[in-house]
Amino acid sequence: MNSTHQQHTIEPLFDSESRILILGSFPSVKSREVHFYYGHPQNRFWKVMAAVLNQNVPETVEEKKNMLHQQHIAVWDVIGSCDIVGSSDSSIKNVEPNDLKKILNNAPVRRIYLNGSTAGKLYVKYLKGKIDIPEIILPSTSPANAGYCLERLCENWNMILKDLR
């Protein structure tokens, strides 16, 4: 399979009250198809967020947006465009990072959480020196991260609550 240059076309989700920013690496093929974050049914992001926030698992895009807005959570990705094979993070090349100022200049973000080690590595490589907000790398909610069951993911992701209070 050949890599293709892909542009990130999903708008960042945030508002003027967003206290934390969760960054993934780049949207999966399924997320690009549904034009919203964590669109693959096997990705555990929405289940983890619902469990950590003590909410019902949101089904629709509107429910997902509402849950994050109500909890003061912003979501976007590190990468604005790249060469990628399918949804494979390990194939990412020719990265152009997103300009996080779009969010950070308009919301009181206290901490940045990175969804997985690839997002963490990309953030450190392309953005860390430009941003004066502490970051924490959390285990990926991707189905490719088979080493973490849902319960273990929730235990790790629970730390976001301290920055939402």
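Hey, among the residues in region 19-34 that are under 14 Å from the mean Cα position of the chain (by Cα) and part of a loop (DSSP other than H, G, I, E, B), which one's surrounded by the most Cβ atoms within 10 Å (Cβ to Cβ)? Once the filter is applied, the top-ranked residue is Ser25. Taken over region 89-119, the residue count meeting the criterion of being of a type outside the set (Gly, Ala, Ser) and either free of Cβ contacts under 8 Å to residues at least 24 places away in the same chain or assigned to a loop (DSSP other than H, G, I, E, B) (or both) is 11.
Only one of the numbered conditions (1) of a type outside the set (Asp, Glu); (2) outside any helix (DSSP H, G or I); (3) surrounded by fewer than 18 Cβ atoms within 10 Å (Cβ to Cβ) is violated by His69, and that is (2).
Please tell me if Lys125 is farther than 21 Å from Phe45 by Cβ and part of a helix (DSSP H, G or I). It is true that Lys125 is farther than 21 Å from Phe45 by Cβ and part of a helix (DSSP H, G or I). Remark: pairs (first residue in region 127-155, farther than 19 Å from Lys30 by Cβ; second residue among the aromatic types (Phe, Trp, Tyr); Cβ separation under 7 Å; 6+ apart in sequence or on different chains) = Glu135/Tyr123; Ile136/Tyr113; Leu138/Tyr113; Leu138/Trp157; Pro139/Tyr148.
Computed from the coordinates by the stated procedures, all read-outs in this text should not be read as laboratory data. Everything numeric in this text was worked out from a predicted model, so none of it was measured. All Cβ positions, glycine included, derive from the backbone under ideal geometry; neighbour counts span all protein chains shown.
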